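The values are calculated or read from the model by the stated rules, or taken from the named source; none is laboratory data. Here the structure is a predicted model, which is why all the values come from computation and not from measurement. The area values use the complete protein model at the heavy-atom level, side chains included, leaving out ligands, DNA and RNA. Shrake-Rupley method; radii C 1.70, N 1.55, O 1.52, S 1.80 Å.
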Amino acid sequence: MLLRFIEHHQLFEFIEVYKIYLNGDKSLKPTPDFGGKTFLHLAIENSAIQIASYLLLDAKVDPNVLSHNSQMGVLHVAVSY
């Protein structure tokens, strides 16, 4: 569900559902289908700049986390797209 909001750049919808995720609903966690990428990785890949900004500035997501499969950080992802 969160990926759909990222793909369509729906910031407010993403924030509402992301807060539910943070409160413990781990069914919203990215799955291996996403290559072990974080929501920040997915936002960067989809050029969802407002969502990426929210994750970095408000949600305080760690930008140094590497994806599980490719071992790429968000900066690596950003320059490759």
Seminar exercise, completed: From most to least accessible, 1.4 Å probe, no ligand or DNA/RNA atoms counted, K60, K19, K37 line up as K60, K19, K37
Seminar exercise, completed: Interchain or sequence-distant (5+) residues whose placed amide H lies within less than 5 Å of the amide H of A48 are none
For this session: Using a 1.4 angstrom probe, figure out how much accessible area the chain has per residue, in square angstrom, rounded to the nearest whole.
Result: 64 Å²
Exercise. Where does helix 11-22 land angle-wise versus the long Cα axis of the chain, in degrees 0 to 90, nearest 10?
Worked result: 90 degrees
Problem set entry | Dmax and Rg, reported as Rg then Dmax, of the chain (C-alpha, Å) | 11.6, 33
Exercise. Which of L55, L22, L11 moves most in a GNM of the chain, Cα contacts under 10 Å?
Worked result: L22
For this session: Using only Cα atoms, locate the centre of the stretch 30-81 and the centre of the stretch 6-25, then give the distance between them in Å, rounded to an integer.
Result: 14 Å
Problem set entry | 3J(HN,Hα) from dihedral phi, the stretch 46-54, Karplus parametrisation 6.51/-1.76/1.60, rounded to Hz, x for glycine, proline | 9, 6, 8, 4, 5, 5, 4, 4, 4
Exercise. What percentage of the solvent-accessible surface of the chain, computed with a 1.4 Å probe over protein heavy atoms, is contributed by carbon and sulfur atoms?
Worked result: 56 percent
